[in-house]
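Below is one structure, written out as structure tokens, with a few remarks after it.
The values are calculated or read from the model by the stated rules, or taken from the named source; none is laboratory data. Everything quoted here is computed from the prediction, not taken from an experiment. Cβ: placed from backbone, ideal geometry, glycine included. Neighbour counts: every protein chain shown. With ligands, DNA and RNA removed, areas are computed over all heavy atoms of the protein, side chains included. Shrake-Rupley method; radii C 1.70, N 1.55, O 1.52, S 1.80 Å.
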Amino acid sequence: MKSIGFIISLSLLLLANPISAHIFPNISSIPSWLNNNTKCAWDQFQKLKGCRPGDRVNGLSNLKTYLKNFGYIPSSPNFSDLFDPLLQSALKTYQTNFNLNVTGLLDDQTLAQIQLPRCGIPDIVNASSSMNSGKPTTRFHSVSHYSFFPGRPIWPANRRDLTYAFAPENPLSDEVKGVFARAFARWAAVTPFTFSAIDSFRTADIRIGFYAGDHGDGEPFDGVMGTLAHAFSPPSGHFHLDGDESWVVSGDLRSAPVTAIDLESVAVHEIGHLLGLGHSSVEESIMFPTITSRMRKVDLASDDVLGIQELYGGNPNGNQSPPSSTTTPSVQERDVSRNGAAPRLLSFWWSPLLVAAVELFFLR
């Protein structure tokens, strides 16, 4: 009986969150019950407006955890609600990276930026930030702000023809797969890489899946309009998207619900991480960490191209410019090396292994 109970408990655990990712062909296909959902993951921080050094306010500990998650504050087992020098220093660094007035205070601009949905990869790793370093470049007679993962990991020289596959537990339409193909093509246009879709998720160089909450890689998703996605440094190849978001495949997002997120915009950003780019402080760049809802941003900026070509060089066929988007733009995503642990998938019903184990048990 204990064995049966264990199997049943295991099956319930594995069946947690048996939902499909929220992916919609266009804004008109988003159901009304999602249209009414305007609560976002980091709305709680708005109540901290006006807090000053020395204040003790409920919720400041949560803000410290947020800043810790993105590299601005060292880890601590117990953050307090005190507006201490550590928090003020973290805010100043955050404001520098996001081109805000450097006040160390929770002003309107800073809180608005903090509440935007963003990539889950940290802006600072090992207490070192290069987002706003301002590297001069003579090629475009400008200043670049791209960055790399610690140690500048890249794909080996003998791996320029990369394959990608989608988690079989997340069945996707050809239209959705086409979004990722276009996103890969934007990077292929300015690098020596080619990207080809294959069926084998296990053997693919890049593995793409939609997940919910704690999905086993130590980087849990947090629901609507918080952390949208994360991808790990080369050559891990893991690319995870939050299945709780309202992902839109195509069309003009300007009249979309406030929680609508353009899938291709986030895909292009995360592929930059897969290839070795960190975040940039150039707001127009693909590698800027945040994106507003109802915004489409898919064209590589010069900062993105400079960064990726510093790692790999340009396209050997002579094409140095990425393809431009022909879709109407609309109104206005943590940098770390990971161990690439395989995640718990968002959407599945009965695992074949579990079914086999149950059958074997009852046939014994």
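In table form, for the structure just shown:
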item: Subset of the range 101-122 that is open to solvent by 10 Å² or more (accessible area, probe 1.4 Å) and either touching a strand residue (DSSP E or B) at 6+ places or on another chain (Cβ under 9 Å) or of a type in the set (Lys, Arg) (or both) - its residue that is farthest from Leu241 (Cα to Cα); result: Gln113
item: Selection count, the range 166-194, where residues are part of a strand (DSSP E or B) and crowded, with 20+ Cβ neighbours inside 10 Å; result: 1
item: Test result for Ala231, surrounded by fewer than 18 Cβ atoms within 10 Å (Cβ to Cβ) and among the small types (Gly, Ala, Ser); result: no
item: Neighbours by Cβ (under 8 Å, 6+ apart or cross-chain): first from the range 140-152, at positive phi; second open to solvent by less than 80 Å² (accessible area, probe 1.4 Å) and at pLDDT below 70; result: Gly151/Ser337
item: Filter result (modelled with pLDDT of 75 or more, farther than 27 Å from Phe180 by Cα and of a type outside the set (S, T, N, Q)) within the range 125-163; result: Val125, Gly151
item: Boolean, Arg207 is open to solvent by 10 Å² or more (accessible area, probe 1.4 Å), in a strand (DSSP E or B) and modelled with pLDDT of 95 or more; result: yes
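Here's the yes/no breakdown for (1) touching an Asp or Glu at 6+ places or on another chain (Cβ under 9 Å); (2) at positive phi:
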residue	(1), (2)
Asp214	no, no
Phe221	yes, no
Met225	yes, yes
His230	yes, no
Glu245	no, no
Asp262	no, no
Gly272	yes, no
